[in-house]
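Enquirer: Pasting a structure below so you can have a look.
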Amino acid sequence: MRHNKETKIVVLGAYNSGKTTTLEQICHNRAKVEYNGTTTALDYGNTMINGKKVHFFGTPGQDRFRFMRRIVSEGLDGAILVVDNSKGITSTDQEILGRLDQFNIPYVIFANKQDLNSDNLDTDSDAPVIPTTAQDGDGVMEGVETLLEILH
(Lines give C-alpha, C1' and ligand atoms only; values in the text may rest on other atoms or scores of the structure.)
Protein backbone atom coordinates (compact mmCIF):
# COMPACT_ATOMS: atom_id res chain seq x y z
CA MET A 1 0.00 0.00 0.00
CA ARG A 2 1.36 3.41 -0.96
CA HIS A 3 1.08 6.02 1.75
CA ASN A 4 1.63 9.06 -0.49
CA LYS A 5 -1.02 8.16 -3.04
CA GLU A 6 -2.37 11.16 -4.88
CA THR A 7 -6.15 11.54 -4.95
CA LYS A 8 -8.26 11.77 -8.11
CA ILE A 9 -11.63 13.47 -7.85
CA VAL A 10 -13.97 13.83 -10.81
CA VAL A 11 -16.44 16.73 -10.97
CA LEU A 12 -19.63 15.60 -12.71
CA GLY A 13 -23.01 17.12 -13.50
CA ALA A 14 -25.44 18.25 -16.14
CA TYR A 15 -24.79 20.99 -18.69
CA ASN A 16 -24.39 24.46 -17.14
CA SER A 17 -24.58 23.26 -13.54
CA GLY A 18 -21.36 25.06 -12.55
CA LYS A 19 -18.68 22.36 -12.81
CA THR A 20 -15.98 24.57 -14.36
CA THR A 21 -16.67 27.41 -11.92
CA THR A 22 -16.51 24.93 -9.03
CA LEU A 23 -13.15 23.62 -10.23
CA GLU A 24 -11.86 27.17 -10.66
CA GLN A 25 -12.68 27.88 -7.00
CA ILE A 26 -10.77 24.78 -5.86
CA CYS A 27 -7.63 24.92 -8.03
CA HIS A 28 -5.37 27.78 -8.93
CA ASN A 29 -3.35 25.52 -11.28
CA ARG A 30 -5.84 24.51 -13.94
CA ALA A 31 -6.48 24.00 -17.62
CA LYS A 32 -9.75 23.84 -19.49
CA VAL A 33 -10.86 22.93 -22.99
CA GLU A 34 -13.92 24.88 -24.03
CA TYR A 35 -15.65 26.44 -26.99
CA ASN A 36 -17.74 29.59 -26.55
CA GLY A 37 -17.63 29.13 -22.77
CA THR A 38 -18.80 25.50 -22.80
CA THR A 39 -16.53 22.63 -21.78
CA THR A 40 -15.97 20.35 -24.77
CA ALA A 41 -13.32 17.97 -23.44
CA LEU A 42 -12.37 18.32 -19.80
CA ASP A 43 -11.26 20.68 -17.09
CA TYR A 44 -8.25 19.80 -14.98
CA GLY A 45 -6.67 21.27 -11.92
CA ASN A 46 -4.64 20.18 -8.93
CA THR A 47 -3.98 21.57 -5.52
CA MET A 48 -2.38 20.62 -2.22
CA ILE A 49 -4.84 19.91 0.58
CA ASN A 50 -3.52 18.93 4.02
CA GLY A 51 -0.11 18.22 2.48
CA LYS A 52 -1.44 15.86 -0.19
CA LYS A 53 -1.78 16.49 -3.90
CA VAL A 54 -5.37 16.24 -5.14
CA HIS A 55 -6.21 16.12 -8.85
CA PHE A 56 -9.61 17.38 -10.04
CA PHE A 57 -11.06 16.49 -13.43
CA GLY A 58 -14.22 18.22 -14.68
CA THR A 59 -16.33 16.54 -17.34
CA PRO A 60 -18.55 18.13 -19.97
CA GLY A 61 -22.25 18.02 -19.12
CA GLN A 62 -23.87 17.60 -22.54
CA ASP A 63 -25.26 14.15 -23.33
CA ARG A 64 -23.17 13.89 -26.51
CA PHE A 65 -20.07 13.82 -24.28
CA ARG A 66 -21.36 10.98 -22.08
CA PHE A 67 -18.44 8.82 -23.25
CA MET A 68 -16.02 11.39 -21.77
CA ARG A 69 -17.49 10.88 -18.29
CA ARG A 70 -16.57 7.19 -18.49
CA ILE A 71 -13.04 7.89 -19.76
CA VAL A 72 -12.24 10.62 -17.23
CA SER A 73 -13.72 8.56 -14.38
CA GLU A 74 -11.23 5.69 -14.81
CA GLY A 75 -9.38 5.19 -11.52
CA LEU A 76 -11.19 7.93 -9.61
CA ASP A 77 -11.13 7.95 -5.81
CA GLY A 78 -14.25 10.07 -5.37
CA ALA A 79 -16.64 12.39 -7.14
CA ILE A 80 -18.45 15.68 -6.77
CA LEU A 81 -21.84 15.89 -8.46
CA VAL A 82 -22.65 19.54 -9.16
CA VAL A 83 -26.41 20.10 -9.47
CA ASP A 84 -28.02 23.36 -10.58
CA ASN A 85 -30.31 23.81 -7.57
CA SER A 86 -32.59 26.12 -9.58
CA LYS A 87 -33.40 23.18 -11.88
CA GLY A 88 -33.10 20.24 -9.48
CA ILE A 89 -31.92 16.74 -10.37
CA THR A 90 -31.92 16.32 -14.17
CA SER A 91 -31.95 13.05 -16.12
CA THR A 92 -28.18 13.45 -16.61
CA ASP A 93 -27.70 13.89 -12.86
CA GLN A 94 -29.91 10.84 -12.22
CA GLU A 95 -27.82 8.74 -14.62
CA ILE A 96 -24.61 9.89 -12.91
CA LEU A 97 -26.04 9.14 -9.45
CA GLY A 98 -27.01 5.65 -10.60
CA ARG A 99 -23.51 4.91 -11.86
CA LEU A 100 -21.81 6.30 -8.75
CA ASP A 101 -24.02 4.11 -6.56
CA GLN A 102 -23.65 1.09 -8.87
CA PHE A 103 -19.86 1.21 -8.58
CA ASN A 104 -19.82 2.22 -4.88
CA ILE A 105 -17.92 5.42 -5.56
CA PRO A 106 -17.76 7.86 -2.64
CA TYR A 107 -19.27 11.22 -3.57
CA VAL A 108 -20.85 14.43 -2.37
CA ILE A 109 -23.53 16.50 -4.06
CA PHE A 110 -23.11 20.24 -4.47
CA ALA A 111 -26.54 21.90 -4.56
CA ASN A 112 -25.12 24.77 -6.59
CA LYS A 113 -26.57 28.17 -7.50
CA GLN A 114 -27.95 28.76 -4.01
CA ASP A 115 -28.18 32.42 -4.99
CA LEU A 116 -30.96 31.43 -7.44
CA ASN A 117 -32.72 28.84 -5.26
CA SER A 118 -31.84 28.10 -1.63
CA ASP A 119 -34.44 25.36 -1.14
CA ASN A 120 -33.20 21.93 -0.04
CA LEU A 121 -32.28 19.72 -2.99
CA ASP A 122 -34.70 16.81 -3.38
CA THR A 123 -32.64 13.66 -3.91
CA ASP A 124 -32.91 9.96 -3.10
CA SER A 125 -29.16 9.73 -2.46
CA ASP A 126 -27.61 9.13 0.96
CA ALA A 127 -24.60 11.25 -0.03
CA PRO A 128 -23.98 14.53 1.80
CA VAL A 129 -25.61 17.51 0.07
CA ILE A 130 -23.60 20.72 0.36
CA PRO A 131 -25.25 24.05 -0.53
CA THR A 132 -22.86 25.98 -2.80
CA THR A 133 -22.65 29.12 -4.87
CA ALA A 134 -19.63 28.33 -7.01
CA GLN A 135 -19.55 31.84 -8.49
CA ASP A 136 -18.66 33.20 -5.03
CA GLY A 137 -16.91 30.08 -3.73
CA ASP A 138 -19.54 29.65 -0.98
CA GLY A 139 -19.55 26.10 0.38
CA VAL A 140 -17.09 24.75 -2.22
CA MET A 141 -14.08 24.04 -0.01
CA GLU A 142 -16.33 22.76 2.79
CA GLY A 143 -17.73 20.27 0.29
CA VAL A 144 -14.27 19.20 -0.86
CA GLU A 145 -13.21 18.69 2.77
CA THR A 146 -16.36 16.62 3.40
CA LEU A 147 -15.50 14.37 0.44
CA LEU A 148 -11.87 14.00 1.54
CA GLU A 149 -13.04 12.97 5.03
CA ILE A 150 -15.21 10.26 3.44
CA LEU A 151 -12.23 9.06 1.38
CA HIS A 152 -9.78 8.81 4.29
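The values are calculated or read from the model by the stated rules, or taken from the named source; none is laboratory data. Everything quoted here is computed from the prediction, not taken from an experiment. Cβ atoms come from the backbone with ideal geometry, glycine included; neighbour counts cover every protein chain shown. Accessible surface areas use protein heavy atoms only, side chains included; no ligands, DNA or RNA. Shrake-Rupley method; radii C 1.70, N 1.55, O 1.52, S 1.80 Å.
Enquirer: To the nearest 20 debye, what is the magnitude of the charge dipole of segment 8-152 about its Cα centre, counting +1 on the Cβ of each Lys and Arg and -1 on the Cβ of each Asp and Glu? Write out the running numbers ahead of the final one.
Expert: Numbers: 13 positive and 20 negative charges, 143 e Å.
Roughly 680 debye, rounded to the nearest 20.
Enquirer: Another question, if that's okay. As a test of understanding, state the convex hull volume per residue of the chain from its alpha carbons, in Å³.
Expert: Values: hull volume 16.6 nm³, N = 152.
Taking only Cα atoms, the chain has a hull volume of 109 Å³ per residue.
Enquirer: Another question, if that's okay. Sum up the charges of everything whose Cβ sits under 14 Å from the Cβ of Glu142, counting Lys and Arg as +1 and Asp and Glu as -1, but leave Glu142 out.
Expert: Local charge sum for Glu142: -4.
Enquirer: For Lys53, go through the lysines and keep the ones whose alpha-carbon is under 27 Å away, minus same-chain ones fewer than eight residues off.
Expert: Excluding near neighbours in sequence, the set is Lys5, Lys8, Lys19, Lys32.
Enquirer: For segment 7-151, with every protein chain kept in place, what is the accessible area per residue (1.4 Å probe, Å²)?
Expert: Averaged over the residues of segment 7-151, the accessible area is 50 Å².
Enquirer: If Lys and Arg each add +1 and Asp and Glu each add -1, what is the summed charge of the other residues whose beta carbon sits under 9 Å from the beta carbon of Lys52?
Expert: Cβ neighbours under 9 Å give a net charge of +1.
Enquirer: Hey, another quick one. Compute the distance in nm between two label points, each set 7 Å from the Cα along the Cα-to-Cβ direction, one at Asp124 and one at Gln62.
Expert: It is 2.9 nm.
Enquirer: Another one. Let me have the relative contact order for the chain, percent, based on Cα pairs under 8 Å that are six or more residues apart.
Expert: 24
Enquirer: Label Ile105 and His55 with points 7 Å out from Cα along Cα→Cβ: what is the distance between them in nm?
Expert: Those two pseudo-labels are separated by 1.4 nm.
Enquirer: Expressed as a whole percentage, what fraction of the accessible surface of the chain belongs to carbon and sulfur atoms when a 1.4 Å probe is rolled over the protein heavy atoms?
Expert: That share works out to 46 percent.
Enquirer: Report the antiparallel proportion of the DSSP beta bridges in segment 78-152 as a percent, rounded to a multiple of 5.
Expert: If we restrict to bridges inside segment 78-152, about 10 percent are antiparallel.
Enquirer: Same structure again: State, to one decimal in nm, how far the label point of Glu145 lies from the label point of Tyr15, with both points 7 Å from Cα in the Cβ direction.
Expert: A separation of 3.6 nm, rounded to one decimal place.
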